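This report refers to the structure that appears directly beneath it.
No lab work stands behind these numbers, since they all come straight from the coordinates. Since this is a predicted model, take the numbers as computed values, not measurements. In this analysis, Cβ positions are derived from the backbone assuming ideal geometry, glycine residues included, and neighbour counts consider all displayed protein chains.
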Amino acid sequence: MVRRPFIAGNWKMNTTRSEAVQLVRAVREAVAGVEGVDMAVCPPSVYLDAVGAELKDSAIALGAQNMYHQAKGAFTGELSAAMLLDVGCQYVILGHSERRHILGESNEDVCRKVHAALAAGLTPIVCVGETKDERDAKKTTDIVAEQFFGSLAGVSSDQAARVVIAYEPVWAIGTGVVATVDEAGEVHASLRGMMAGRYGAAIADQIRIQYGGSVTDENAADLLSVSDIDGALVGGASLKAGSFPKIIRAAVS
């Protein structure tokens, strides 16, 4: 099955309002007319409205970097799925390694958010990935499996078909060290096998698996040429108006 590639930019805690607007305008102009690829940008939450306004009538979707699992209530500082939908979000990144390792989110935390996102109609981009120590200890498959199965516990086959998985080796995020084509391909193939074991081959063939971790316009084409890599979750390079559109175009070249 040929899966439609999906390139998303995770801006993390970067940009001012004016920088965010200028960046998304430049990206929108640069990818005008590009077809055959899904695109999204995930700006800081305080700029979702402004960026979403710039994306109106474009092919680029809006995504958030996180959300809370409760629908409403006394949860200071949190954002609900309804709030994200209200500003035009279609996607939400969940379980990013920076939230797992810096802010202490567990698989159970991520799983609650996944269920809330799916129930609201958002598409979750669920991140999994191992640290350098875990890779050196040859625990990559075990760690990725634990995060995958734990983060999607209780997710049905029909729901799973609506989920995007992002494999992001922690040792490659923001370090400039990118997984080799063989390293990334091996984990993506392993994830596809886990999906098939849990949901069956037909559903596994539908689920898109992005790669993330120091993706640039120079290495994107090689990574995206791997059969089980269906796109990229791009960090630093998504903040560069000259680089991000090239990564998008690499997905359909």
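The phi-based Karplus calculation (6.51 cos²θ - 1.76 cosθ + 1.60; θ = phi - 60°) puts the 3J(HN,Hα) values of the range 121-132 at x, 7, 9, x, 9, 9, 8, 9, x, 9, 7, 5 Hz, whole numbers, x for Gly and Pro.
As a calculated quantity, the FRET efficiency between SER253 and ALA202 at R0 = 30 Å, using C-beta atoms, amounts to about 0.60.
Fewest Cβ neighbours within 10 Å first, please rank THR141, THR123, THR76 accordingly. Mind showing how you got there, number by number?
On the way: THR141 15, THR123 19, THR76 4.
Least crowded to most crowded, the residues run THR76, THR141, THR123.
Each of [x] 45, 44, 34; [y] 59, 42, 36; [z] 66, 59, 32 is a candidate for Cα extents along the principal axes in Å; the one calculated from this structure is [x].
Going by how many other beta carbons lie within 10 Å of each one, how would you line up TRP11, TRP171, fewest first? The partial results should precede the final answer.
Working: TRP11 23, TRP171 19.
Fewest to most other Cβ atoms nearby, the residues stand as TRP171, TRP11.
Shape call for the range 24-155 from the C-alpha gyration tensor, a ≥ b ≥ c root eigenvalues: rounded (a/c under 1.5), prolate (a/b greater than b/c) or oblate? List each step's numbers first, then the result.
Values: a/c = 2.15, a/b = 1.41, b/c = 1.53.
Oblate, since a/c reaches 1.5 and b/c is not below a/b.
Using C-alpha pairs under 8 Å with a sequence gap of at least 6, the mean separation divided by the residue count of the chain gives a relative contact order of 22 percent. Summarising the amide proton neighbourhood of LYS240: residues at separation of 5 or more, or on other chains, whose placed amide H is nearer than 5 Å comprise an empty set. Backbone amide hydrogens, once placed in the peptide plane, bring TRP11 within less than 5 Å of CYS42, excluding anything fewer than 5 places away on its chain. Label point of THR180 set 7 angstrom out along Cα-Cβ; within the range 215-240, amide nitrogens under 15 Å from it belong to 223. Fully extending the segment from ASP136 to ALA26, taken as 0.36 nm per residue of separation minus the present Cα-Cα distance, adds 35.6 nm.
Going by a ≥ b ≥ c, the root eigenvalues of the Cα gyration tensor, does the range 75-213 fall in the rounded group (a/c under 1.5), the prolate group (a/b larger than b/c) or the oblate group? Show your work: numbers first, answer last.
Details: a/c = 1.83, a/b = 1.27, b/c = 1.44.
Oblate is the answer for the range 75-213, as a/c is 1.5 or above yet b/c matches or exceeds a/b.
As a rough footprinting exposure proxy, the listed residues TYR211, TYR47 were ranked by other beta carbons within 10 Å of their own, and the order from fewest upward is TYR47, TYR211.
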